[in-house]
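None of the figures in this text is laboratory data; all of them are computed from the coordinates on show. What you see is a predicted model; the values in this text were computed from it and never measured. Cβ atoms come from the backbone with ideal geometry, glycine included; neighbour counts cover every protein chain shown.
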Amino acid sequence: MRILAVDPGEKRLGLALSDPSGLVANPLMVILHISRHLDAAQIARVAEEQGAGLIVVGQALDSDGQPSPASRRSARLAAAIRTQTDMPVILWDESHSTQAAQRARRAMGVSRRQRAGHLDELAATYILQTYLDSQANANPPPAADTP
């Protein structure tokens, strides 16, 4: 099953999509924030067009794991997406996703000037990959029988 992840921002929303096996996250696109209702409709439409079966919305929690103003905005976006689709929509901790995206760009050798742009789709990819990894760790494959 494909999974769509959303990195919600005040100006842009990054989207990432898993491969069909649900193991690898890939950047998909960035959409410009218009309004919660219109953003939710566009996210639901993209998820359906891409054949996703689940939408994961990043939610930044504070250092104590408590909701912040940004996390409450994420929760409101997730609720709005739920009104646009029957697909399950969950919230996932996105703490440090932007910093991880910045580290990834540096590791790829991207110049400082090119790194100055937005990181929304990379942050969404990080959010999705951490979700996928958690699911793989929660459901490890059965051990192979040995003779």
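Can you work out the FRET efficiency for the pair Ser21 and Asp64, with r the C-beta to C-beta distance and R0 = 30 Å, to the nearest 0.05?
Once rounded, the FRET efficiency stands at 0.25.
Taking amide hydrogens as modeled 1.01 Å from N in the peptide plane, which residues meet the under 5 Å criterion relative to Glu94, leaving out close sequence neighbours?
Excluding prolines and chain starts, which carry no amide H, the hits are Gln59, Ala60, Leu61.
Could you rank the peptides 122-128, 45-51, 76-82 by their average count of other C-beta atoms within 10 Å per residue, with the highest value first? List each step's numbers first, then the result.
Numbers: 122-128: 28.1, 45-51: 14.6, 76-82: 18.7.
Output ranking for 122-128, 45-51, 76-82: 122-128, 76-82, 45-51.
If we count other beta carbons within 10 Å of each Cβ, what is the order of Asp7, Asp93, fewest first? Display every interim value, and only then the final one.
Numbers: Asp7 29, Asp93 16.
Going from least to most buried by this count: Asp93, Asp7.
Along the Cα-to-C-beta direction of Arg36, a point sits 7 Å from the Cα; which residues of the stretch 61-80 have their amide N less than 20 Å from that point?
61-62, 66-80
For a footprinting-style exposure proxy, rank Ser68, Ser21 by other Cβ within 10 Å, fewest first.
Ser21, Ser68
Which ³J(HN,Hα) values in Hz, rounded to whole numbers, follow from the phi angles of the stretch 30-47 under the Karplus curve 6.51 cos²θ - 1.76 cosθ + 1.60, where θ = phi - 60° and Gly and Pro get x?
Residue by residue, the stretch 30-47 yields 10, 10, 7, 5, 10, 7, 4, 4, 5, 4, 4, 4, 5, 4, 4, 5, 4, 4 Hz.
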